[in-house]
1. For residues in region A:65-112 being among the basic types (K, R) and assigned to a helix (DSSP H, G or I), which is nearest to A:I214 (Cα to Cα)?
2. From (1) more than 16 Å from ligand 1 (Cβ to nearest atom); (2) in contact with a strand residue (DSSP E or B) (Cβ under 6 Å, 6 or more places away or on another chain), pick out the condition that doesn't hold for B:K54.
3. Could you list, ordered by first residue, the pairs with Cβ atoms under 7 Å in which the first is in region B:43-60 and within 14 Å of chain A (Cβ to nearest Cβ) and the second is within 8 Å of ligand 2 (Cβ to nearest atom) and charged (D, E, K, R), at least 6 apart or interchain?
4. Could you grab me the full set of residues in region B:186-202 that are at pLDDT 95 or above and either over 18 Å from the mean Cα position of the chain (by Cα) or within 16 Å of ligand 1 (Cβ to nearest atom) (or both)?
5. Can you tell me which residues in region A:205-232 are in a helix (DSSP H, G or I) and open to solvent by less than 20 Å² (accessible area, probe 1.4 Å)?
6. Would you be able to tell me the number of residues in region B:18-28 that are away from ligand 2 (no atom under 16 Å from the Cβ), open to solvent by less than 50 Å² (accessible area, probe 1.4 Å) and assigned to a strand (DSSP E or B)?
7. How about region B:159-183: which of its residues are facing chain A (nearest Cβ under 10 Å) and either among the aliphatic types (A, V, I, L, M) or without any contact (Cβ under 8 Å) to a residue 12 or more places away in the chain (or both)?
8. How do the pairs read when you match residues in region A:81-107 that are open to solvent by 30 Å² or more (accessible area, probe 1.4 Å) with residues anywhere that are of a type in the set (G, A, S), using Cβ under 8 Å and keeping only pairs 6 or more apart or on different chains?
Amino acid sequence: MIRLRRRNGEDVNQVARRSVSLFELRTVLSGRTSLLLGLAGATGFFIIWEVGHYITPEESQRFLPAPQEVLGALITLIVEKDYIADILKSCFRIFASFFAACLIAVPLGIAMGCFMRLRALLNPTISAFRYLPAASFIPLLLVWFGPTDTQKLALLVLGVIFFLVALILDNTKAVQPELIEAALTMGAGRRRVVTEVVVPAVAPAVVDSMRNMIAVGWTYLVIAEIVAASDGIGAVMMRAGRFLKVDIIMAGILTIGILGVATDILFRLAARYAFPWNRERGE
Amino acid sequence: MTMPGDQTLSRTAITASNVTRQYLGGTFTAVDDVSMELRENEIVCFIGPSGCGKTTMLRMIAGLEYPSMGDLTIFDKPITGPGPDRGMIFQAYTSFPWLTARKNIEYGMKIMGLSRQERSRRSDEFLTLVHLDDFGDSYPASLSGGMKQRVAIARTLAQNPGVLLMDEPFGALDAQVRWEMQEMMIEIIERENTTVVTVTHDIQEAIYLSDRIIFFTRSPGRIKADIPVSFKEGRRIPRKEEMLALPGYVDLERQLFAMMREEIQQK
Ligand SMILES: Nc1ncnc2c1ncn2[C@@H]1O[C@H](COP(=O)(O)OP(=O)(O)O)[C@@H](O)[C@H]1O
Ligand SMILES: [Mg+2]
């Protein structure tokens with residue numbers, strides 16, 4: 001909305017002022033504004049948390065420690081309890097399992113998006129697996145692999161791989177058919193069409209799907225480490241739970257949150273770097 | 001030297017003999033018993049009401065679809081699939097977004113196995129031809145719709161196809177850009193000596209571009225009329241307003257509008 005001041009008004013410098021509303025429909029924000037709003041949101045969260053801590057009755061305050069207490073617990077963990085080793089262990093589990101899942105899901109999803117017969121052969125089964133909760137595989141995996149790293153990696157892979165295939169299949173189906181037909185009319189063979197048209201066309205969407213699925217991976221990480229694990233962020237939290245050490249549990253949650261956001265940013269930066277052509281105009 | 005569209009001296013580029021295309025298990029006929037003969041260096045326009053089968057006919061010539069019945073040939077060889085002898089321009093933008101304009105243009109030549117130097121030389125040439133000299137290193141995302149379409153046109157022409165097929169190539173562009181593109185096409189076709197089949201529903205565009213207009217009936221698509229654009233006397237006119245001033249233009253336009261109305265009003 002543009003409000004014009006009267007010409008004889010005192011405020012000559014502010015001829016047109018834009019009213020700012022939180023609920024303006026789909027406006028374009030500058031990077032600075034987005035960052036500030038994001039920080040404001042996060043600050044608000046911490047303020048509510050802090051207030052929540054102080055209005056909690058004294059005797060139960062240790063069940064809702066203040067943010068600074070959680071931060072303190074986090075620092076203690078790192079300095080005294082070799083928490084970094086647990087973090088690295090969890091990161092290894094996430095990234096190794098996710099890499100393995102992508103190694104299978106990305107080529108399979110793209111192939112299923114390209115070849116109808118392959119899709120018809122595999123899609124019903126893969127879709128069915130998506131409806132099985134990955135956590136229900138834990139007993140089976142424990143019997144097969146014991147409480148090992150392999151068992152945890154297998155759980156993480158099972159947790160994301162079927163969704164990843166489905167997402168990448170959808171991404172591939174969404175490739176503009178005219179791009180493929182254009183290549184065919186230029187004389188491209190099947191191999192060229194797949195490797196030189198479908199793959200680059202679908203790549204940004206694939207990275208997006210990966211970014212979304214690795215977030216789900218973090219969910220399964222905690223499940224995997226809560227059951228029969230002695231190391232990793234989840235195990236640290238589980239142990240703390242036994243001694244009602246809420247500050248350590250929350251420090252664990254905070255760690256996962258930070259790592260999750262960092263992973264997300266990493267994927268975004270990688271996509272921006274790898275697909276310079278995919279940038280919107282003016283971005 | 002042969003005149004464009006000369007019926008006696010040029011070779012036959014494309015023939016269709018009793019071509020029918022059905023969909024939905026044979027219950028719907030999109031193209032019905034169409035026969036035609038298109039000559040080398042001729043510019044032919046398919047025109048007709050929406051949904052009459054123009055795109056289907058063009059896609060069959062491109063080899064992207066197959067006739068349910070009948071035969072299609074290109075320079076006397078049966079059409080069995082798509083190939084670089086028939087370049088195709090789509091209404092949707094098909095310049096590859098992950099390649100710069102120059103790399104896009106080189107892509108078709110790469111498929112044909114041209115050497116790097118040859119590709120680079122020809123891409124320069126074709127960038128100039130479509131007035132994109134300064135945009136060789138731009139990605140399509142930063143180009144306007146008309147420029148993206150010019151990249152696709154250059155990419156196709158750089159393969160030196162015997163026949164250029166265009167499906168409403170300027171349909172997504174605004175009127176002024178469309179007009180510039182039409183004049184550019186005339187310039188290019190004259191230079192490259194290409195045989196062109198273009199689909200449009202824009203009557204003025206059909207008259208301006210073509211030597212001959214094939215009018216399709218509303219579904220099922222049959223040939224309603226095969227009209228030579230004789231008032232142009234075989235010339236390709238670089239400026240559109242010159243064509244508009246020629247005697248005979250208005251008559252042809254009126255005739256085509258009347259035919260279009262006839263088709264649309266039939267139930
Ligand atoms: N793959 C398809 N399946 C079913 N019907 C189709 C298919 N492709 C085209 N048609 C139908 O064939 C008719 C002709 O389509 P088209 O050639 O695209 O028309 P035009 O290009 O003249 O507007 C339309 O009625 C359209 O709905
Ligand atoms: Mg069409």
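1. At the first step, the residues of region A:65-112 found to be among the basic types (K, R) are A:81, A:89, A:93.
Retained after the next criterion (residues that are assigned to a helix (DSSP H, G or I)): A:89, A:93.
Numbers: A:K89: 16, A:R93: 12 Å.
The extreme case among them is A:R93.
2. Of the numbered conditions (1) more than 16 Å from ligand 1 (Cβ to nearest atom); (2) in contact with a strand residue (DSSP E or B) (Cβ under 6 Å, 6 or more places away or on another chain), the odd one out for B:K54 is (1).
3. B:T55/B:D167; B:L58/B:D167
4. B:V197, B:T198, B:V199
5. Residues of region A:205-232 that are in a helix (DSSP H, G or I), as a first pass: A:205-226.
Scanning region A:205-232 gives A:V206, A:S209, A:M213, A:I214, A:G217, A:W218, A:L221, A:A224, A:E225.
6. Selection size over region B:18-28: 2.
7. Filtering region B:159-183 down to residues facing chain A (nearest Cβ under 10 Å) leaves B:159, B:161, B:165, B:167.
The answer is B:L165, and nothing else.
8. Matching pairs, first to second residue: A:K89/A:G232.
The values are calculated or read from the model by the stated rules, or taken from the named source; none is laboratory data. Nothing here was measured: the structure is a model prediction, and the numbers come from that model. No Cβ is skipped: glycine too gets one built from the backbone with ideal geometry, and neighbour counts run over all protein chains shown. Note: areas computed on protein heavy atoms with side chains; ligands, DNA, RNA excluded. Shrake-Rupley method; radii C 1.70, N 1.55, O 1.52, S 1.80 Å.
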